[in-house]
Structures are given as structure tokens and as C-alpha cells.
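Bear in mind that the values in this text are calculations on the coordinates, not laboratory data. Everything quoted here is computed from the prediction, not taken from an experiment. Here the Cβ positions follow ideal geometry from the backbone for every residue, glycine too, while neighbour counts run over all protein chains shown.
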Amino acid sequence: MKKNILRYGLMSGVCVATFMSFSIAYCYSKNSFEGSMLLGYTTMLLSLSLIFVGVKNYRDEHNGGIISFGSAFLMALYMALIASTLYVIGWMIAYYNFFPDFMEKLEAYQLSPAKVSQMTPNELAGIREQIKTFKGWYATPIGVAGATYMEILPVGLVVSLITALILKRRSPQD
């Protein structure tokens, strides 16, 4: 079980960190974050789908086709934690070495005249407050890591839950 957790958690983590690096580089190259959230969460789901493959592989190849919900969920959760940690490490390396102006570019995008002209005063105040909060988090490496975990870990939890629900099996099937 540990071997599967490590193998598929690492594969998922490498994929999600790689996709994240390329998507941020793409956003920087076109100087826009338009659609980046959709792209980011789509690549997270695609990468974290390896968790499903890892649990299914363990169930079918190493556990006689049987796995309880609890075992499947824990296994998937450990894989999600490994993948999330690689994502956080990847982002921290990318942020501090290649995109140190990320918060300024994000702020410029969020407060661009085209976007601001479509906002109500309350929406604009909310965006400004959110940016202020993010800048506070990004003031320290621990804050960057925490904010980045908050981005991917909920997705990993959902994928783990769905994986366990789909793959649980009490008796082997032909």
C-alpha cells in the first residue's frame, strides 16, 4: 500500500506542479490572468485523477479486488497530501525564483480599468480587501505555503472522497 501511495502521489504531484508552472508562464507571456482559474483547477483535477488510478490499482492488483471505503479514502488522502505538497513546493520555487512580481501582476489584472469599470463600488472594495489579504499572506514563506495549500487541498479532499465512494468494494467481482 505504501508503495502505491508514494508512486501515485508523486506522479500526481509532479503533474500538477508541472501544469501549474506552465500555466503561470502562459499567463505571464500573454500578460493576462483571464481564464487562469478555470485552467488551474482543470489541471488540478486531471493531475489528481491519478489518485483514482492508484487506489484502483491497489484494490485490483494487490488486494484481491476488495477495499473498504475507509482504506480507499485514507489511501487517496495520503496521495492527495503528497501531490499537494509537491504543488506547494513547486509554486514556492516558481514564485520566489521566476514570478516574484506575481501579486503585483495579479493586482494590476484585477484592478485593470476594463474590470473596474464593470464593478460596483462594493465589489471593488471587496477585490481591494482580498488583494490586501493575499499580500499579507504572501509576505512570508509560511503564508505562501498556507495560501497554496488552501488552493489545492480542498480539490484533493473532494477527489479522495469521490475515489473512495466509487472504488469501495466488499467482495471481489468477476
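Converting phi to 3J(HN,Hα) with the Karplus coefficients 6.51, -1.76 and 1.60 and the offset θ = phi - 60°, the range 87-102 yields 4, 5, 4, x, 5, 5, 5, 5, 4, 6, 9, 10, 10, x, 9, 4 Hz in sequence order, with x at every glycine or proline.
Calculate, for K2 and F22, the FRET efficiency according to 1/(1 + (r/R0)^6) with r their C-beta to C-beta distance and R0 22 Å; round to the nearest 0.05.
Working: r = 30 Å, r/R0 = 1.38.
Once rounded, the FRET efficiency stands at 0.15.
For the chain, the longest principal axis of the Cα atoms and the long axis of helix 141-167 meet at an angle of about 40 degrees. Two-decimal Rg/Rh of the range 31-123 from alpha-carbon positions, Kirkwood Rh? Here Rg/Rh amounts to 1.19. Taking label points 7 Å from Cα along the Cα-to-Cβ direction, D60 and M92 give a separation of 3.7 nm. Over all distinct Cα-Cα pairs of the chain, the Kirkwood formula returns a hydrodynamic radius of 17.6 Å.
If you wrap the Cα atoms of the range 103-174 in a convex hull and average its projected area over all directions, you get 8.5 nm². The mean of 1/r over all distinct Cα pairs in the range 1-74, once inverted, gives the Kirkwood hydrodynamic radius of 13.7 Å. Considering helices alone, the calculated mean residue ellipticity of the chain at 222 nm is -27000 deg cm²/dmol, with DSSP H runs of length four and up weighted by -39500 (n - 2.57) and normalised per residue. Measuring between their Cα centroids, the range 79-108 and the range 1-38 lie 10 Å from each other. Within a straight-line Cα-Cα reach of under 13 Å, K105 can be paired with the following aspartates and glutamates, leaving aside sequence neighbours fewer than 8 residues apart in one chain: E34.
Positive-end ranking of Y109, I51, N97 along the dipole of the chain, with charges on Cβ about the Cα centre, is headed by I51.
Packing-wise, with mean Cβ within 10 Å as the measure, how do 78-91, 56-69 rank, highest first?
Working: 78-91: 22.9, 56-69: 15.7.
Top of the packing list down: 78-91, 56-69.
Per-residue Karplus couplings for the range 10-16, computed as 6.51 cos²θ - 1.76 cosθ + 1.60 with θ equal to phi - 60°, are listed in order as 5, 4, 4, x, 5, 4, 5 Hz, Gly and Pro entered as x.
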